[in-house]
Amino acid sequence: MEYLIGVDGGGTATKICVADPNGSVCARHAAGALNINGQSPEAFRETMREILEFPAKIGLEKDECIGIGMGAAGITNPGTRTSILEAVRAFGFAAPVRLYGDAETALVSVYEDCRGIILIAGTGSVCYGRRPDGSSVRAGGYGHLIDDEGSAYDMAIRILRVIVRGEDGRAEPSVLRDLVFDRLNISSVGGLVGYLYAPERKKGEIASLASLIDRADAAGDRAALEIEDACADALCRLACPVLDRLPEEKNIALAGSVLLKNLRVQKKVGERLVKMRSGARVLAAGRDASEGAVRLLLSEKLQ
């Protein structure tokens, strides 16, 4: 059977789908992180291996692949593009390869007409808008070292700041301390520092600590509530430039783990966006962005 491969590469995990030539998904798979700008060459090669070996595991031949669409962070980096294309060819695939920004594939997975606005807060954060003519507007998405406000990584760093400041008296004590120490199996701030600055520490591992905010919030922890509110504000600020430049678009989709799994942040952001844009319709993204990569492939004439 002829087939297409769609890939949604993320800072924590990568989602893969295999679809028939009409775009109907027939198989899915999950792999490790895919962000060559933020991971070692070895980790990148391992994720590419997982992606490209998946079709064979479900009984498909390499020469039956008629197109590969990949959305990932940092895809505009020429070195990233070259590395991905070299890996695909090294694994014996001759099919056309199309590379897209991860925000673009996420948006297209939500809107069948490929237009609208999407606000994403996963390991990183970005707001992306697309017009009917295909032109686009974006804000954010510049990585955890200088940007990614409101993301899981940002939330985790805010949690860790509360812990160290509480430890030396600069902030009130928070239940977040015990939650993080239990998660990491440590007993001191020294252990926390050692964990964070270990050479092998990955961005996604730090970002995963953001999930602890749920339990702290349930306990009524003031710091947790303030962190959620700050992240919601940051995400709305991220959306403002895109909303201003695309006033004709009323649909705003929310995507990424922070906005889909943390219902309090989702509610805060949704309510504030509706106030910012009269008539706005806020919806939660449902489809996997790897399907967006397939949809973009189908919109092109592959050669």
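The values are calculated or read from the model by the stated rules, or taken from the named source; none is laboratory data. Quantities reported herein were computed from a predicted structural model and do not represent experimental measurements. In this analysis, Cβ positions are derived from the backbone assuming ideal geometry, glycine residues included, and neighbour counts consider all displayed protein chains.
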*Those strands (runs of 3 or more DSSP E) lying entirely in segment 1-118 with at least 2 residues in contact with a strand residue (DSSP E or B) (Cβ under 7 Å, 6 or more places away or on another chain) and without any contact (Cβ under 8 Å) to a residue 24 or more places away in the chain*: 25-31
*Would you point out the residue of segment 202-241, among those that are crowded, with 21+ Cβ neighbours inside 10 Å and touching a Phe, Trp or Tyr at 6+ places or on another chain (Cβ under 7 Å), that is farthest from Lys275 (Cα to Cα)?*
Lys203
*Among the residues of segment 252-264, count how many are under 19 Å from Tyr128 (Cα atoms) and crowded, with 18+ Cβ neighbours inside 10 Å.*
8
*Going by the structure shown, is Leu296 buried (at least 16 other Cβ atoms within 10 Å of the Cβ), in contact with a Lys or Arg (Cβ under 9 Å, 6 or more places away or on another chain), at pLDDT 90 or above and aliphatic (A, V, I, L, M)?*
yes
_Please go through (1) modelled with pLDDT of 90 or more; (2) buried (at least 16 other Cβ atoms within 10 Å of the Cβ) for Ala43 and return the number of the only condition it doesn't satisfy._
(1)
_Report every pair of residues separated by at least 6 positions or lying on different chains whose Cβ atoms are under 8 Å apart, first residue within segment 286-299 and of a type in the set (S, T, N, Q), second modelled with pLDDT under 90 and surrounded by fewer than 22 Cβ atoms within 10 Å (Cβ to Cβ)._
Ser299/Cys114
*Which ones in segment 167-178 are at pLDDT 95 or above, farther than 16 Å from Glu228 by Cα and either among the aliphatic types (A, V, I, L, M) or out of contact with any helix residue (DSSP H, G or I) (no Cβ under 6 Å at 6 or more places or on another chain) (or both)?*
Asp178
